[in-house]
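What follows is calculated from the coordinates using simple rules that are stated; it is not laboratory data. As the structure is a computational prediction, the values presented were derived from the model and not from experiment. Cβ atoms come from the backbone with ideal geometry, glycine included; neighbour counts cover every protein chain shown.
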Amino acid sequence: MEKIDARTHSPETQHEIRKQVIRLRKQGIQNQVLAEGVGISVYHASRIWQSYLKGGSKAIKLRVRGRQKGEKRTLTAEQEAQVKRDLIDKTPDQLKLPFALWTREAVKLLIKDRFRIEMPIRTVGEYLKRWGFTPQKPVKRAY
């Protein structure tokens, strides 16, 4: 059988393949034969079996993949709330910042002053986007 990269399968399909490998190994079928029949590498079949032997059914269980929401962020939830409050309620002038309007650079300086956290300008932009702030140009009016 043709070997296909298992990462291209959906997580549910990957779990079914793992269960099938365990079932066939319990029947005494060797990894070489089993891997050909299921369509995975011998190495992968062996790893699935070894994981099962060490951790049982929990080791091959379907899990949520990737980072959890909010994990590995520079600012804590409380710090984010405080910065958002400042952006909405105050102007940079009121906070003694050398800016007339809120810009990414102004927000970066606010974060540095408040929390002593040095943050790249791009990350500041990502935070602003996540919070729902959009870039806007001032309205041009004739006086």
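So LEU24 fits all but one of (1) crowded, with 17+ Cβ neighbours inside 10 Å; (2) among the aliphatic types (A, V, I, L, M); (3) outside any helix (DSSP H, G or I); what number is the exception?
(3)
Can you tell me how many residues within region 60-105 are among the small types (Gly, Ala, Ser) and assigned to a helix (DSSP H, G or I)?
The total comes to 2.
Take the residues in region 1-20 that are touching a helix residue (DSSP H, G or I) at 6+ places or on another chain (Cβ under 9 Å) and over 18 Å from ARG63 (Cα atoms); name whichever of them is surrounded by the most Cβ atoms within 10 Å (Cβ to Cβ).
Looking at the filtered set, the residue picked out is LYS3.
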